[in-house]
Amino acid sequence: MKNLYLLLLGSTTLFAEEYFTGIDMNAEYTATYQGDSSNSQSFTYGGKLDGFISVDSNKMGLWKGGKILSHIEYRHGSTNASLGNAIMPVNTATILPLSAPTTLVASSLYLAQTLSTDTSLLLGKFNVLDFLKGDAFWGGWGNHRFMNVAFVAPPSGVLPPTIFGAIVQHKYANIDFTLMVYDPNDRTEEYLPNTLFDDGVNLSLALKTTFDKTTVSINGIYSTKEGNDLSTIMREDENIEPKTLGSSYNLSLQVSHLFYDNSIENFGIYGKVNLSDGNPNLIKASFIGGVSAKGILFNRPNDSYGLGYFYYAWSPDLQEALVETKSIGDESGVEVYYNYELNKHIHISADMQYINTSFTDDDNALIFGIRTNVGF
């Protein structure tokens, strides 16, 4: 399944302490107990430790406008991210980072340099989920908010979970521009790779604007990396030989609207539409959307909760190629969670997912999970 996840792949308050001048450290531990009740799959336990380090060059007396940031990850346990035979991982924290369990990984290690009041440059290794940590609906690493990867980081097929490259961020008037140039392969377990861009290059351009309480983002990604021609894989016909195709792309439109926001409590609606080439990209199209809120109910301003729906249409060429071995259709699902703040350091979540799985011969999956997050 790891290779399939590679094809697919892209909060609770943290408590920081400044140990040295200019060095901030944060950590959290997340424990998950999850199982598929509809198929009598036993519930299993998994854990994830995340550490965050930020080094401010200006505070350390080195140079102005610079920061070195790192995200350290360690996961363990036997929780199954493909419960119910779902293609879309139902527990992001148990599949990412894409390394063996009990392996300590620095999934982010990069320099962020301010060039002007409106422009910044980032260079190095990036955990792309880190860029979504402040979002109210998406992101959260699977440790906060949703657990299914469709909501944590909706896969595009051309953005691996961990990348090497350069990112330029620029703000002009009311528009935020983000340009990314990165290696097309996942680099989770690499730190000084000597094969960067050997397989091609990925280019990404995103534009985001906010007016009143509505935010609109448009993103395009183009990859020059060759991929398998999905119409020629796993075919019993000996006359059909596996082939490769030369490029892939993904286009997305994301919209959110806050109906209520008083800086402490909020309630909003979110949606994202993706369109891809469908070959060699495993994905042809997708829609992900839902609602989320913080506070508002039960006089509990620090609780958060959400309801989401996703639909992924896989490559028609892939579905046709697999028809002789296993019937495969599109995949959709619903997830709902409630995150309860026990105290400022501990949050407990209840999560439920109903998945209409891609494998048409299998039953739908009803997945329950309990998650505890402890911030240090």
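Going from the fewest other Cβ atoms within 10 Å to the most, the residues Asp198, Asp277 appear in the order Asp198, Asp277.
Applying the criteria of a DSSP loop state and at most 12 other Cβ atoms within 10 Å to the chymotrypsin sites (Phe, Trp or Tyr not before Pro) of the stretch 245-327 yields Phe298. A full extension of the chain between Phe287 and Phe267 corresponds to an added length of 5.1 nm, given 0.36 nm per residue minus the alpha carbon distance. Where [x] 1.05; [y] 0.99; [z] 0.92 are the candidate values, the label of the one calculated here for Cα Rg over 2.2 N^0.38 Å is [y].
Loop-located trypsin sites (Lys or Arg not before Pro) in the stretch 160-234 (DSSP state other than H, G, I, E, B) with a sparse environment of at most 15 neighbouring Cβ atoms within 10 Å: Lys213. Ranking of Thr232, Thr224, Thr94, Thr117 by neighbouring Cβ atoms within 10 Å, starting from the fewest: Thr117, Thr224, Thr232, Thr94.
Rounded to 0.05, the FRET efficiency of the Leu104 and Val334 pair, given R0 = 35 Å and the Cβ-Cβ distance, is 0.50. Each residue in Ile23, Ile355, Ile264, Ile68 was given a count of other beta-carbon atoms within 10 angstrom of its own, and listing them fewest first yields Ile264, Ile23, Ile68, Ile355. Note on the stretch 258-321 and the stretch 23-58: Cα centroid distance 21 Å, given to the nearest whole angstrom. Classification of the stretch 128-264 by its C-alpha gyration tensor yields a prolate form. The axis ratio a/c (a ≥ b ≥ c) is 1.5 or more, and a/b outweighs b/c.
Positive end of the dipole of the stretch 63-187 (Cβ unit charges, origin at the Cα centre): among Tyr110, Ala81, Pro97, the Cα lying farthest that way belongs to Tyr110. Annotation for Leu196 and Phe177: the two label points, set 7 Å from Cα along the Cα-Cβ direction, are 2.3 nm apart. Charge tally for Thr224 (other residues, Cβ to Cβ under 15 Å; Lys, Arg +1; Asp, Glu -1): -4. Under 12 Å from a label point 7 Å along Cα→Cβ of Leu251: give me every residue in the stretch 269-288 with its amide N that close. 274-277, by backbone N distance to the label point. Computed from the C-beta positions of Ser78 and Phe211, the FRET efficiency with R₀ = 35 Å rounds to 0.15. Zone of Asp118 (label point 7 Å along Cα→Cβ, backbone N under 16 Å): which residues in the stretch 202-218? Of the residues in the stretch 202-218, 207-210 have backbone N under 16 Å from the label point off Asp118. For Lys294, neighbours were defined as the other residues whose beta-carbon sits under 14 Å from its Cβ, and their charges (Lys and Arg +1, Asp and Glu -1) total -3.
For the residue pairs Lys67/Lys225; Lys64/Lys213; Lys48/Lys284; Lys48/Lys133, the alpha carbons lie more than 28 Å apart in Lys67/Lys225; Lys64/Lys213; Lys48/Lys284.
A simple spin-label model places the labels of Leu203 and Phe368 5.1 nm from each other, with each point 7 Å out along Cα-to-Cβ.
Just so you know, all these numbers are worked out from the coordinates, no wet-lab data involved. Model, not experiment: these values are computed from the prediction. Reconstructed Cβ throughout: ideal geometry from the backbone, glycine too, with neighbour counts over all protein chains shown.
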